[in-house]
Amino acid sequence: MKIDAAYYTGNGSFELRKVEDVAPGPGEVQVETAFCGICGTDLHVYLGHMEARIGDNRVIGHEMSGRVSAVGDGVEGYRIGDPVVVRPLAHCGHCPACKAGHIHVCHKLKFLGLDTDGAFQNRWTVPAHVLHKLPADMPLDQAALVEPMAVAVHDVRRAGVAVGEDVLVIGGGPIGMLVALVARHAGAQVTISEVNESRLKLARNMGFATANPRNENVAERIMAETGDKGADVVFEVSGTQPGVDLMTEVAATRGRICMVAIHAQKPQIDLFRFFWREIELIGARTYEIGDFDAAISLLSQGIGADRLITDIRPLAELPDAFKALTENPDSMKTLIRVTEEAV
Ligand SMILES: [Zn+2]
Ligand SMILES: [Zn+2]
């Protein structure tokens, strides 16, 4: 059958095409994509920052939800109609990271929807082992938040956030907000530092303390509020030099800093502070299998993440949706309704 697919064709342009769907081979499952969110990485693709990796003939998209539409030979446990999400990682199985059990940071990790075709198409065929089943009553638009939520779950778990700890999240975009939600669920007092006023307003509406480094000295304020202790855990989600400056200034003695942002440039880091206060720096990348299951469970408990969805557009408007996201710094998460009749 013919399906609709949005191809990234290079230079910030997409082409909507009718193509033949791919029947699942042995060990594979075909999923009818219901919704697929636009990720920060997808925006980097659109802005032309990843042309060498993506090429000019690629269906991107990975923050998806959908239903099983065909099952390949040898696949057990899935039936047509099952609601699912995809954990979009392909590991090699042979490298030192894989052998040590860290398949999510495989040395040859391939990301489905960047290094292979992804979910901005009506039917997406993937290996069965990357699927996670959803509760029957979970709305599929909310389920499109499982993948970014799994990122946040992984970050908070890596940082070891505990009940009663003071947490500062630097950067209030979608991932920063999700990290804040998960950290609060883990029992922490969370402050979000962000420069965009409408994002700060949303954060306050979601019940978070906020700070704008353009208007105040955030480190001084956190020190004052914590009796000069500082933040037990700091998440650097801004990817900026001022964010990196703030993270070392504000971290408590023996505090943990979790590096979530992708820093394309090498920032300047106050290493003296690491020595002086015995700070730990923790890297966190992608997610493990259990993080996906935890993300599904948190979203089905109604943790409030659905408030981050600021726009839903049909697949035909995908190019406009990308354009709108880059032009409007106030927007948070845009979902593409990939298949119209999907619920
Ligand atoms: Zn993503
Ligand atoms: Zn590997």
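Identify all residues within region 171-205 that are open to solvent by 10 Å² or more (accessible area, probe 1.4 Å) and assigned to a strand (DSSP E or B); write none if there are none. Residues satisfying the conditions are Gln189, Val190, Thr191. For region 281-312, filtering for residues that are hydroxyl-bearing (Ser, Thr, Tyr) and open to solvent by 30 Å² or more (accessible area, probe 1.4 Å) leaves 3. Kindly list the number of the only condition in (1) open to solvent by 50 Å² or more (accessible area, probe 1.4 Å); (2) away from ligand 1 (no atom under 16 Å from the Cβ); (3) in the same structural domain as Gly37 (by TED's automatic domain parsing) that fails for Val163. So Val163 meets the others, but not (3). Within region 84-116, being within 9 Å of ligand 2 (Cβ to nearest atom) and of a type in the set (Gly, Ala, Ser) holds for Gly93, Ala97. Screening region 238-254 for residues that are part of a helix (DSSP H, G or I) and charged (D, E, K, R) and picking the one that is nearest to Asn196 (Cα to Cα) gives Asp245.
Among the conditions (1) outside any loop (DSSP other than H, G, I, E, B); (2) out of contact with any Ser or Thr (no Cβ under 6 Å at 6 or more places or on another chain); (3) closer than 21 Å to Glu165 by Cβ, the only one that Phe275 does not satisfy is (3). Selection of region 112-159 for residues being closer than 22 Å to Thr334 by Cβ and open to solvent by 30 Å² or more (accessible area, probe 1.4 Å) yields Asp117, Arg123, Pro139, Asp141, Gln142. With respect to Ala321, is the statement that it is open to solvent by 30 Å² or more (accessible area, probe 1.4 Å), of a type in the set (A, V, I, L, M) and either closer than 18 Å to Ala5 by Cβ or not assigned by TED's automatic domain parsing to the domain that holds Ile60 (or both) true? No; evaluated as a whole, the condition is false for this residue.
The numbered conditions (1) outside any helix (DSSP H, G or I); (2) surrounded by 13 or more Cβ atoms within 10 Å (Cβ to Cβ); (3) of a type in the set (A, V, I, L, M, F, W, C) are all true for Ile262 except (2). Is it true that some residue in region 78-86 is touching a helix residue (DSSP H, G or I) at 6+ places or on another chain (Cβ under 9 Å) and more than 29 Å from Asp311 (Cβ to Cβ)? Yes, there is a match, as at least one residue in region 78-86 is touching a helix residue (DSSP H, G or I) at 6+ places or on another chain (Cβ under 9 Å) and more than 29 Å from Asp311 (Cβ to Cβ). Among the residues of region 122-136, the one identified as touching a helix residue (DSSP H, G or I) at 6+ places or on another chain (Cβ under 8 Å) and in a strand (DSSP E or B) is His132.
Only one of the numbered conditions (1) in contact (Cβ under 8 Å) with a residue 40 or more places away in the chain; (2) in the same structural domain as Ala219 (by TED's automatic domain parsing); (3) not aliphatic (A, V, I, L, M) is violated by Gln189, and that is (1). Of the strands (runs of 3 or more DSSP E) lying entirely inside region 1-115, those carrying at least 2 residues that are within 16 Å of ligand 1 (Cβ to nearest atom) are 28-37, 63-71, 83-86.
The values are calculated or read from the model by the stated rules, or taken from the named source; none is laboratory data. Remember, predicted model here, so these are calculated numbers, not experimental data. Because the Cβ atoms are built from the backbone with ideal geometry, glycine has one as well, and the counts that use them run over all protein chains shown. The accessibility values were calculated without ligands, DNA or RNA, using every heavy atom of the protein model including side chains. Shrake-Rupley method; radii C 1.70, N 1.55, O 1.52, S 1.80 Å.
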